[in-house]
Every structure is written in C-alpha cells, then in structure tokens.
1. When residues of the range 1-18 are filtered for being surrounded by 14 or more Cβ atoms within 10 Å (Cβ to Cβ) and in a helix (DSSP H, G or I), how many remain?
2. Give the residues of the range 74-126 that are under 15 Å from residue 55 (Cβ atoms), touching a residue at least 24 places away in the same chain (Cβ under 8 Å) and not aliphatic (A, V, I, L, M), sorted by residue number.
3. Restricting to the range 65-123, and then to whatever is farther than 30 Å from residue 28 by Cα and within 17 Å of the chain's Cα centre (by Cα), can you tell me which residue is surrounded by the most Cβ atoms within 10 Å (Cβ to Cβ)?
4. Among the residues of the range 28-64, which ones are among the hydrophobic types (A, V, I, L, M, F, W, C), within 25 Å of the chain's Cα centre (by Cα), surrounded by fewer than 18 Cβ atoms within 10 Å (Cβ to Cβ) and outside any helix (DSSP H, G or I)?
Amino acid sequence: MKFLDIGEVSALSGIAPSALRYYEEAGLISSVSRRGLRRQFPPEVLLQLKLIAMAKSAGFSLKDIGGMFGANGMPDLPRAMLHRKAEEIDAQIRELAALSDMLRHIADCPAPSHMECPTFRRLLGEAGMPAGRTVRPFSAG
C-alpha cells in the first residue's frame, strides 16, 4: 500500500499541514508511520478529510465529528444526529428566507413609513423571535 506524506495530503485536500497535525492530535485522523520527520497517511485519509469538511460546514463540533468515525477510522455515521442537524439547517433556511423577504420589502416598499405597511409588519413577525421566546418590554432605569 502506498502511503501519502503530509505534504501530499495537504496538496490533495487543500488543508494546511498544521490543520492535519491538529486533526491528528484531536483523534480525527491517524498517521501510520513517518518517513524522516514527515507523517505518512493511508489514502483513506482523503475520504476522512472530506467528511470532516462536510461536517464542519454543517456546524458539527470537532467532538461530534470524532464520533462519526469507527475504531478503524472509517465513517460510522450516526443517522439520528445527522437527521437532527438537517432539521436545524432546514429551520435556519426558513428563518433566513423570511429575513431575505423582509429586507427586500424594506428596500422596495413604497409606503411613506415602514411601520404603516401591513406587509412589512407581517414579514417582521415571520422573521421575529424563535419559537418559544418572547420579547421583554423595554424599561428605562
């Protein structure tokens, strides 16, 4: 089996050698040997790094990402956790879409005052507080 040294892994993945060393220290990837001072990795590390990048992009913590690999370093994906994260992302998409609609309306609204515009007020309500949260009245003092 041909191993990849840390420079090759960095060039192929676009991930800095310092990040690769950090991932190894965190237990996300493992080198199998050294050639001189250079760490050697199995080719499968490239798959692991793609999974790490996807999981980071989705907002998983490095601890959560560590739980996505079995003892052999191969993906062992926790489906329930992935479903929960997908639901969180869907909720963020809905919130961002409402915010985008509101901003477009604010920019284009012909009303003399936005507070007089029923569409603005409706959009403001849709982009408001997350479920279960309430607004506390402001009090000076």
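The values are calculated or read from the model by the stated rules, or taken from the named source; none is laboratory data. Not measured: the values here are computed from a predicted model. We place every Cβ from the backbone using ideal geometry, glycine too, and count neighbours over all the protein chains shown.
1. Of the residues in that region, 6 qualify.
2. Listed by number, the residues that qualify are 75, 85, 88.
3. Within the range 65-123, the subset farther than 30 Å from residue 28 by Cα is 94-123.
Those left that are additionally within 17 Å of the chain's Cα centre (by Cα): 94-96.
Values: 94: 12, 95: 14, 96: 11.
Filtering first and then ranking leaves 95.
4. 58
Conditions tested, residue by residue: (1) out of contact with any strand residue (DSSP E or B) (no Cβ under 6 Å at 6 or more places or on another chain); (2) at pLDDT 80 or above; (3) part of a helix (DSSP H, G or I).
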| site | (1), (2), (3) |
| --- | --- |
| 85 | yes, yes, yes |
| 96 | yes, yes, yes |
| 102 | yes, yes, yes |
| 107 | yes, yes, yes |
| 111 | yes, yes, no |
| 122 | yes, no, yes |
| 125 | yes, no, yes |
| 130 | yes, no, no |
| 133 | yes, no, no |
